[in-house]
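What follows is a set of notes on a single structure, which appears directly below.
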Amino acid sequence: MNVNIYFDIVALAMEIVLLVCFKNKRRIGITAFRVFYYLMITQLGVTLLGMTTAVIDVELNAEPGVVGYTLNTVYMFLCIFILTMSALYFVSLIKLDRQVSQRWLILIYMPSSFTLIAATAVNVIAAYQGLSLFELRSTPFAHGFILVMVAYYMLTIIGVSIRYREQINRQVAGHVAVAALITMLVTAGQYFINTIRFQGFVVSLVLVDLFFEVLRPEELFDMSDAMRKNYLYDFTKEDYLLKKKFHIIVIKVLDYKVLAEALGFDNAEGFMKLITNYLMGLGYKGTVYRADNSVLVFKTSELTKQEAETLRQTVASRFEKVWSPAISEVILTAEVISLSAPEQLKDFDAFSDFLKAYIYAKGRLDSENGVEKLLVDNEGKHMLEAIKRALSDNTFQVYYQPIYSTAEKKIVAAEALIRLFDPEYGFMPPEDMIRMAENEGYILQIGEIVFRKVCEFYKNNELDRKGIEYIEVNLSPIQCAQRKMAEEFEAIMKEYGIKPKQINFEITETATTNEVDNFIRNMKNFYLRGIDLSLDDYGTGYSNISYLYHVPFTVMKIDKSILWSAEKNEKARVTLENTYKLAKKLKLKVVQEGVENEEQIKRLLELECDYFQGYYFSKPVNGDEFVRYLKDFKLPEVCK
């Protein structure tokens, strides 16, 4: 009998590639990920042993011997164990307390122990009777046993689904249940069809599907390879409910913003990735989370308080040495602290309050009573409360900064800027407010509110009749990552009767860093519908020239820092001049930000700048003041 093992060869390649993709992710403290890793390892064993036993039994026409029957014993055990791991993976997606989880583990693992005994016994009998390996797998006992195991584990999955139907994501559970059913049926089917090895290929496809559609590692990790903050909160809340003790090592890179502005966002993320990999390479069991752009949290439940302090000292001493990514060697300034729960952070609210306070705290913690003092002051908590009040009371304001056209010699546009004046907190700096909103999950809601206000303002004041061709609206990276963001914003524009050319979206480099496919899709949709796109903050670390190649920008906004530096620095002056030449060759319109005096205007006119924006014309003003400004605008003498 000939056996076709070509599908197994393909399956083996797929499984190795999948394991490589999974390599750096398996250390995270998520049960579902760990189980999936063992599921992949089990399937790799099934594929390898299935090929090996086929070659021994058929292709070489050899007697199985002790080695053959031993390998076949392991193969038969792993065929059942793949069913075990499929059921276990389904259960791992449900958050159960430890006692309940242990009961299900016993029910799931119990048949596997009997399987190993049964597989050993039947192989010994087969060796005594002189059966080939495939003859053994074709016996009624082998067929009956595998079918009973499939039925047992399918009933287990059904039982779990019914028992915990309120605790599971039905879409995900349905996806995994179908995957488990396919895995079980093809594994059993391989016992009935021996002439072609198909089990490994089909199950490998199932594993690839689960990896990218259910686990979705790109949604778990950011560019630094740390897990996203929402998982830190989810898993920590679960730890408190289960009364687990844990320690956190918190690393705040104090010069992150300087790095991003000087070297670019991607390079700053490269440093954070180095830190993440360093933490994971220390040999401690734990997970690294990204609490903020500049803050990483290493969370572990395996250390004593003294061991955690020793780890903190080790990490702190590492920052006395250089970090060496591809671009340059840098000594980073960082604060490293260690906290224990529930000793220092007694409950989840205390944990959450501490992180918010620490992220937005200025400078370092006090050496004594730092945590307690931080929780009392808690700038982050007060900011979040102000944002929530503004959302509830609809008190966000939109200010407008005029944009002057050198060709038309008038105000033709404005940039919309969000402002928050809270009766209790006072004025909140926009940069801090946006950062908090992004971190706490309110930016999508705020972004829609701002865009609706802009559209309503443009329509109600008939700005097109007042000469305003378009309003610039800033987009957050999180907004750009939403799959249907373009369609949703276009629907709002239609609701208010706003034409595509009356809106211009401003994008910075950071908007393209995550969910690249969604970002590119949204930008292309805007462009194809006639909505112009501006590359914002060009000339800083947050705007990279490479994005000009991939995104259909029509406008380049040059950061004020280049203009201001060009007045005092020859290299900056050359940079400014060549930036304008580049923009012209790329057929991009140029908006110069930060225009504040007549000397700058004269120089920019020589460079054939298209638009001016800055305090020389007006600071950002509220809607009523902007309308009055348009009515009273007089062309400055220097612009005539």
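The values are calculated or read from the model by the stated rules, or taken from the named source; none is laboratory data. Everything numeric in this text was worked out from a predicted model, so none of it was measured. Cβ sites come from the backbone with ideal geometry, for glycine too, and all protein chains shown count toward neighbours. Ligands, DNA and RNA are excluded from the accessible area calculation, which covers all protein heavy atoms including side chains. Shrake-Rupley method; radii C 1.70, N 1.55, O 1.52, S 1.80 Å.
Filter region 37-54 down to the residues that are within 26 Å of the chain's Cα centre (by Cα) and in contact (Cβ under 8 Å) with a residue 40 or more places away in the chain, then identify the one that is surrounded by the fewest Cβ atoms within 10 Å (Cβ to Cβ).
Across region 37-54, the extreme among qualifying residues is Y38.
Among residues belonging to region 466-487 that are charged (D, E, K, R) and within 20 Å of V398 (Cα to Cα), point out the one that is most open to solvent (accessible area, probe 1.4 Å). Even if it seems obvious, please write down each step before you answer.
Going through region 466-487, the residues charged (D, E, K, R) turn out to be 466, 469, 472, 483-484, 487.
If we keep only those that are within 20 Å of V398 (Cα to Cα) too, we end up with 466, 469, 472.
Numbers: K466: 91, E469: 72, E472: 0 Å².
By that ranking, first place goes to K466.
State which residue is farthest from E320 (Cα to Cα) when the search covers only region 221-238 and only residues that are open to solvent by 10 Å² or more (accessible area, probe 1.4 Å) and among the hydrophobic types (A, V, I, L, M, F, W, C). Write out each step before concluding.
Taking region 221-238 and keeping what is open to solvent by 10 Å² or more (accessible area, probe 1.4 Å), we get 221-223, 225, 228-231, 233-235, 237-238.
Within this subset, residues satisfying the condition of being among the hydrophobic types (A, V, I, L, M, F, W, C) are 221, 223, 235.
Working: F221: 27, M223: 24, F235: 32 Å.
Within region 221-238, the match that is farthest from E320 (Cα to Cα) is F235.
When you check L279 against the structure, is it under 25 Å from L215 (Cα atoms), free of Cβ contacts under 8 Å to residues at least 40 places away in the same chain, open to solvent by less than 20 Å² (accessible area, probe 1.4 Å) and part of a helix (DSSP H, G or I), yes or no?
Values: under 25 Å from L215 (Cα atoms): yes; free of Cβ contacts under 8 Å to residues at least 40 places away in the same chain: yes; open to solvent by less than 20 Å² (accessible area, probe 1.4 Å): yes; part of a helix (DSSP H, G or I): yes.
Answer is yes for this residue.
With the structure loaded, tell me whether G29 is modelled with pLDDT under 90, open to solvent by 10 Å² or more (accessible area, probe 1.4 Å) and within 27 Å of W104 (Cβ to Cβ) or whether it fails that test.
Working: modelled with pLDDT under 90: yes; open to solvent by 10 Å² or more (accessible area, probe 1.4 Å): yes; within 27 Å of W104 (Cβ to Cβ): yes.
For G29, the condition - modelled with pLDDT under 90, open to solvent by 10 Å² or more (accessible area, probe 1.4 Å) and within 27 Å of W104 (Cβ to Cβ) - is met.
Failed condition for E166, given (1) modelled with pLDDT of 85 or more; (2) surrounded by fewer than 21 Cβ atoms within 10 Å (Cβ to Cβ); (3) not in a helix (DSSP H, G or I), with all others met?
The single condition E166 does not satisfy is (1).
Does at least one position in region 169-187 carry a residue that is under 18 Å from F198 (Cβ atoms), crowded, with 16+ Cβ neighbours inside 10 Å and not aliphatic (A, V, I, L, M)?
Yes.
Looking at S618, S565 in this structure, which one is polar (S, T, N, Q) and under 21 Å from L463 (Cβ atoms)? Don't jump to the end; show me each part of the working.
Details: S565 fails: under 21 Å from L463 (Cβ atoms).
Unique residue meeting the criteria: S618.
Any residue at all in region 424-441 that's assigned to a loop (DSSP other than H, G, I, E, B), under 28 Å from the mean Cα position of the chain (by Cα), more than 22 Å from V591 (Cα to Cα) and free of Cβ contacts under 8 Å to residues at least 60 places away in the same chain? Reasoning before the result, please.
Keep residues of region 424-441 that are assigned to a loop (DSSP other than H, G, I, E, B), which gives 424-425, 429, 441.
Next, from what is left, pick out any that are under 28 Å from the mean Cα position of the chain (by Cα): 429, 441.
Remaining after also requiring more than 22 Å from V591 (Cα to Cα): 429, 441.
Among the residues that remain, those that are also free of Cβ contacts under 8 Å to residues at least 60 places away in the same chain are: 429.
Yes, region 424-441 has at least one match.
Give the residue that is modelled with the lowest pLDDT, with candidates limited to residues of region 493-535 that are assigned to a strand (DSSP E or B) and either farther than 26 Å from G594 by Cβ or open to solvent by less than 10 Å² (accessible area, probe 1.4 Å) (or both). Reasoning before the result, please.
Taking region 493-535 first, the residues assigned to a strand (DSSP E or B) are 503-507, 532-535.
The next check asks that each one be either farther than 26 Å from G594 by Cβ or open to solvent by less than 10 Å² (accessible area, probe 1.4 Å) (or both); those that pass are 503-507, 533-535.
On the way: I503: 96, N504: 96, F505: 95, E506: 92, I507: 85, L533: 93, S534: 92, L535: 89.
Among them, the one singled out is I507.
Name every residue in region 283-314 that is of a type outside the set (K, R), open to solvent by 20 Å² or more (accessible area, probe 1.4 Å) and over 19 Å from T333 (Cα atoms), in order of residue number.
G283, Y284, S301, E302, L303, T304, Q306, E307, E309, T310
Just to be sure, is E408 surrounded by fewer than 18 Cβ atoms within 10 Å (Cβ to Cβ), part of a loop (DSSP other than H, G, I, E, B) and modelled with pLDDT of 90 or more? Before you say what the answer is, go through the steps one by one.
Working: surrounded by fewer than 18 Cβ atoms within 10 Å (Cβ to Cβ): yes; part of a loop (DSSP other than H, G, I, E, B): yes; modelled with pLDDT of 90 or more: yes.
Yes.
Can you confirm whether region 589-596 contains a residue that is open to solvent by 70 Å² or more (accessible area, probe 1.4 Å), charged (D, E, K, R), part of a strand (DSSP E or B) and more than 25 Å from A268 (Cβ to Cβ)? Don't jump to the end; show me each part of the working.
Just the residues of region 589-596 that are open to solvent by 70 Å² or more (accessible area, probe 1.4 Å), to begin with: 589, 596.
Restricting the remaining residues to those that are charged (D, E, K, R) gives 589, 596.
With the extra rule that they be part of a strand (DSSP E or B), the set shrinks to 589.
If we keep only those that are more than 25 Å from A268 (Cβ to Cβ) as well, we get 589.
Yes - at least one qualifying residue is present in region 589-596.
When you check V398 against the structure, is it of a type outside the set (D, E) and either open to solvent by 50 Å² or more (accessible area, probe 1.4 Å) or at pLDDT below 85 (or both), yes or no? I'd like the intermediate steps shown before the answer.
Details: of a type outside the set (D, E): yes; either open to solvent by 50 Å² or more (accessible area, probe 1.4 Å) or at pLDDT below 85 (or both): no.
Against the criterion (of a type outside the set (D, E) and either open to solvent by 50 Å² or more (accessible area, probe 1.4 Å) or at pLDDT below 85 (or both)), V398 does not qualify.
State whether the residues of region 376-388 include one that is at pLDDT below 95, acidic (D, E), under 21 Å from D537 (Cα atoms) and surrounded by 12 or more Cβ atoms within 10 Å (Cβ to Cβ).
Taking every residue of region 376-388 in turn, none turns out to be at pLDDT below 95, acidic (D, E), under 21 Å from D537 (Cα atoms) and surrounded by 12 or more Cβ atoms within 10 Å (Cβ to Cβ).
Applying the selection to region 597-610, what residues are exposed (fewer than 15 other Cβ atoms within 10 Å of the Cβ), touching a residue at least 12 places away in the same chain (Cβ under 8 Å), in a helix (DSSP H, G or I) and not hydrophobic (A, V, I, L, M, F, W, C)?
Step one: filter region 597-610 for residues exposed (fewer than 15 other Cβ atoms within 10 Å of the Cβ), giving 597-599, 602, 605-606, 608.
If we keep only those that are touching a residue at least 12 places away in the same chain (Cβ under 8 Å) too, we end up with 597-599, 602, 605, 608.
Imposing the further condition that a residue be in a helix (DSSP H, G or I) reduces the set to 598-599, 602, 605.
Once the filter is applied, which keeps residues that are exposed (fewer than 15 other Cβ atoms within 10 Å of the Cβ), touching a residue at least 12 places away in the same chain (Cβ under 8 Å), in a helix (DSSP H, G or I) and not hydrophobic (A, V, I, L, M, F, W, C), region 597-610 yields E598, E599, K602.
Six or more apart or on different chains, Cβ atoms under 7 Å: show the pairs whose first residue is in region 105-127 and touching a residue at least 60 places away in the same chain (Cβ under 8 Å) and β-branched (V, I, T) and whose second is surrounded by fewer than 13 Cβ atoms within 10 Å (Cβ to Cβ) and outside any helix (DSSP H, G or I).
That search, which allows pairs on different chains as well, returns nothing.
Output yes when any residue across region 239-254 is open to solvent by 30 Å² or more (accessible area, probe 1.4 Å), in a helix (DSSP H, G or I) and acidic (D, E), and no when none is.
Pass one, region 239-254, residues open to solvent by 30 Å² or more (accessible area, probe 1.4 Å): 240-245, 254.
So of that shortlist, the ones also in a helix (DSSP H, G or I) come out as 240-241.
Pick out the ones that are also acidic (D, E) and you get none.
No: zero hits.
Looking only at region 262-273, count every residue that is crowded, with 17+ Cβ neighbours inside 10 Å, closer than 14 Å to D537 by Cβ and over 17 Å from the mean Cα position of the chain (by Cα) and tell me the total.
Matching residues across region 262-273 total 1.
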